[in-house]
Amino acid sequence: MRLRQPLAHSGVVSTLIHPADAPDAPWWRQAVIYQIYPRSFADADGDGLGDLAGIIGRLPFIAALGVDGIWLSPCYPSPQADAGYDVADYRAVDPRFGSLTDMETLIADAHRLGLKVLLDLVPNHSSDEHAWFVEALAAGPESPQRDRYHFARGRGPDGQEPPNNWVSVFGGPAWTQVEPGWWYLHLFDSRQPDFNWDNEQVRAEFVDVLRFWLDRGVDGFRVDVAHGLIKAEGLPDADPEVIAITPDDPRFDASIPMPCWDQDGVHEVYRGWRAVLDQYDVQEACGGRILCAEAWVEPLERAVSYVRPDEMHQAFAFPFLEAPWRAVDVRAVIESMLRGYGSVGAPVTWVLSNHDVVRHATRLGYPPAPVRPNSGIRPQDPQPDAALGLRRARAASALMLALPGSAYLYQGEELGLPEHTTLPPEVRQDPVWLRTRGESVGRDGCRVPLPWSGDAPGLGFSPTGATWLPQPDTYAALAADRQDGVPGSTLELYRTMLGWRRAAGLGRGSLAWLAHYPPGSEVLAFENAPDGGTPTVCLTNVGPTPVPRPDGELILATDELAPDGSVPTDVTVWVRADLG
Ligand code: GLC
């Protein structure tokens with residue numbers, strides 16, 4: 001890392017808060033990864049559910065966007081009780097999505113196009129149709145087969161009460177009774193029994209699963225619910241007042257310690273996995289297979305412990321996604337993420353949308369409020385201002401992609417897709433909706449099949465026009481073919497952003513706030529200066545009045561500039577800063 005003196009802008013020297021990476025830093029420290037949600041990306045066989053053949057056919061589209069890799073949400077055999085996050089066999093592909101051969105083709109094609117491939121590893125729980133769980137049920141209480149999961153005797157007379165007071169993230173109790181007095185634990189749906197990570201067979205099994213896919217050439221894994229694997233010894237009750245607050249409740253506070261989350265023992269698991277991945281590096285010098293943690297953990301010191309040098313490579317910086325659209329909040333979160341991740345030598349992994357949260361083009365269409373983003377929207381709820389949401393989403397994405405570190409995009413954000421906010425109740429499929437009987441809306445609204453062609457049935461998602469969830473009317477105008485080659489479209493904006501980010505080396509750059517726009521001003525302005533790359537100034541105006549554009553050649557503006565060239569409200573500009 002080289003400490004470069006920040007440039008002066010408008011005669012005002014900026015304050016360096018993050019140094020640049022070395023030009024030869026590993027790929028994952030700066031990579032942009034595109035999340036594919038296979039059910040909803042592209043359907044080749046016409047059944048209305050996306051598949052691997054659909055993905056393979058669209059890989060050139062993804063490569064041409066200018067990203068460095070893809071992450072595939074699960075496509076393992078699964079009864080789909082939680083859209084594939086209920087895995088019945090970790091070493092195969094669900095026939096609904098294709099075959100192992102299709103997966104091998106996908107990996108090979110992606111590599112040919114220069115794209116890394118990350119799979120989704122789901123180690124906290126399996127499906128209730130996993131062979132081990134089926135065996136466990138058959139084997140009966142206190143059998144070695146049951147020790148691979150958390151079976152426990154209930155409390156109260158005859159064990160008729162659950163063993164403790166934990167609740168499922170999806171609503172309702174975290175325990176289901178299997179025979180009088182005996183229960184099993186599921187932090188999510190009752191069809192997702194939690195593994196017992198104190199069992200050596202479970203540990204050995206997942207190392208083997210890692211190797212199975214690494215041997216097939218995958219470049220790494222996004223690790224689902226990485227903070228859940230280890231439970232506090234003895235499975236003690238949680239504080240009853242705290243456990244009652246669900247993650248979609250504004251009072252939810254993830255920094256309160258809980259016996260089911262973020263136990264210190266998880267780190268030993270990840271150190272073991274890192275050693276497995278590092279062996280592949282030594283053998284091939286391929287530049288790194290990686291682990292990326294999905295860990296909704298607070299406070300930040302605990303969150304970044306997942307990316308210490310001998311653990312995972314990346315962990316999503318969810319506080320960025322949760323920050324209200326106000327300069328003071330966004331600035332504070334950027335600084336704290338860079339400092340926190342930097343304190344353990346890790347890059348920040350920025351993200352604005354994924355398959356669990358309301359799409360950012362919709363979130364940002366509401367007045368800024370410190371709400372949790374993972375409660376969906378019903379037809380009868382206040383509806384977002386779609387134009388405002390899209391304008392801000394474009395500005396927010398440009399801000400994110402100018403930041404040093406890695407970033408994840410969620411399929412469809414490159415089209416500016418909003419959430420489907422008016423899905424009728426009868427089509428909803430998320431277990432969150434089903435388990436809470438509609439009290440929590442769930443995540444279907446961000447999982448709607450993508451629009452590829454504005455005029456085709458099902459907007460080109462599938463050759464038959466079938467789609468497993470209905471698409472909103474607004475998606476036709478946003479279809480990929482309507483935006484392709486259209487100046488100013490969101491698709492072309494993403495192509496420009498990703499092209500410049502890569503050419504200039506922004507992912508491995510430094511960050512220095514421009515002192516011209518001090519904290520408290522409603523402008524976010526920084527210089528990103530990569531070692532040996534082109535310094536770029538990124539300015540986002542979050543305030544009500546236009547602000548002057550920084551000096552230098554304009555690379556992009558996320559919406560039209562004012563007639564005098566100044567930057568209006570909710571617009572981001574990138575300016576090449578090494579001229580004059
Ligand atoms: C993760 C996934 C989510 C899933 C849950 C249970 O949070 O992202 O979609 O429902 O884990 O596996």
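The values are calculated or read from the model by the stated rules, or taken from the named source; none is laboratory data. Worth saying up front: this structure is predicted, and the values here are computed from it rather than measured. Every residue, glycine among them, receives a Cβ derived from its backbone with ideal geometry; neighbour counts consider all protein chains shown.
Annotations for the structure displayed:
- Under the condition of being assigned to a loop (DSSP other than H, G, I, E, B) and either within 16 Å of the ligand (Cβ to nearest atom) or more than 21 Å from Arg191 (Cα to Cα) (or both), the residues counted in region 431-466 number 21.
- Note on region 562-577: residues that are in a loop (DSSP other than H, G, I, E, B) and buried (at least 16 other Cβ atoms within 10 Å of the Cβ) amount to 4.
- Cβ-Cβ distances below 9 Å connect the following pairs, each with a first residue in region 276-296 that is under 16 Å from Trp213 (Cβ atoms) and in a loop (DSSP other than H, G, I, E, B), a second residue that is within 16 Å of the ligand (Cβ to nearest atom) and modelled with pLDDT of 95 or more, and a separation of six or more residues or different chains: Arg289/Phe221.
- Of the residues making up region 467-487, those that are assigned to a loop (DSSP other than H, G, I, E, B) and farther than 20 Å from Ala63 by Cα are Thr467, Trp468, Leu469, Pro470, Gln471, Pro472.
- Residue within region 135-157 that is within 28 Å of Glu294 (Cα to Cα) and among the acidic types (Asp, Glu) present: yes
Every residue, every condition in (1) surrounded by 14 or more Cβ atoms within 10 Å (Cβ to Cβ); (2) among the acidic types (Asp, Glu); (3) within 16 Å of the ligand (Cβ to nearest atom), yes or no:
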{"position": "Val134", "(1), (2), (3)": "yes, no, no"}
{"position": "Gly140", "(1), (2), (3)": "no, no, no"}
{"position": "Arg146", "(1), (2), (3)": "yes, no, no"}
{"position": "Gly154", "(1), (2), (3)": "yes, no, no"}
{"position": "Asp158", "(1), (2), (3)": "no, yes, no"}
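- Among the residues listed as Val87, Val169, the single one being assigned to a loop (DSSP other than H, G, I, E, B), in the same structural domain as Asp356 (by TED's automatic domain parsing) and surrounded by 17 or more Cβ atoms within 10 Å (Cβ to Cβ): Val87
- Test result for Val209, touching a Phe, Trp or Tyr at 6+ places or on another chain (Cβ under 6 Å) and either more than 30 Å from Glu135 (Cα to Cα) or assigned to a helix (DSSP H, G or I) (or both): yes
- Unique match (being closer than 20 Å to Leu49 by Cβ and either out of contact with any Cys (no Cβ under 6 Å at 6 or more places or on another chain) or among the aromatic types (Phe, Trp, Tyr) (or both)) among Arg394, Arg447: Arg447
- Among the conditions (1) away from the ligand (no atom under 16 Å from the Cβ); (2) surrounded by fewer than 23 Cβ atoms within 10 Å (Cβ to Cβ); (3) in contact (Cβ under 8 Å) with a residue 12 or more places away in the chain, Arg428 misses just one, which is (1).
- Any hit, region 335-348, residues being of a type in the set (Lys, Arg) and either out of contact with any strand residue (DSSP E or B) (no Cβ under 9 Å at 6 or more places or on another chain) or modelled with pLDDT under 95 (or both): no
- Annotation for region 365-373: at least one member residue is under 29 Å from Pro347 (Cα atoms), within 16 Å of the ligand (Cβ to nearest atom), surrounded by fewer than 19 Cβ atoms within 10 Å (Cβ to Cβ) and modelled with pLDDT under 95.
- Leu72 falls short on exactly one of the conditions (1) aliphatic (A, V, I, L, M); (2) within 16 Å of the ligand (Cβ to nearest atom); (3) under 26 Å from Cys260 (Cβ atoms), and that condition is (3).
- Among residues of region 543-564 that are of a type in the set (Asp, Glu), those with a Cβ under 8 angstrom from a residue that is buried (at least 18 other Cβ atoms within 10 Å of the Cβ) and at pLDDT below 95, sequence gap 6+ or separate chain, pair up as Asp551/His9; Asp551/Ala577.
- Across region 174-190, the qualifying residues are those that are crowded, with 21+ Cβ neighbours inside 10 Å and outside any strand (DSSP E or B), and the one among them that is farthest from the ligand (Cβ to nearest atom) is Ala174.
- Of all residues in region 349-364, one or more are assigned by TED's automatic domain parsing to the domain that holds Gly272, closer than 30 Å to Tyr475 by Cβ, in a loop (DSSP other than H, G, I, E, B) and over 17 Å from the mean Cα position of the chain (by Cα).
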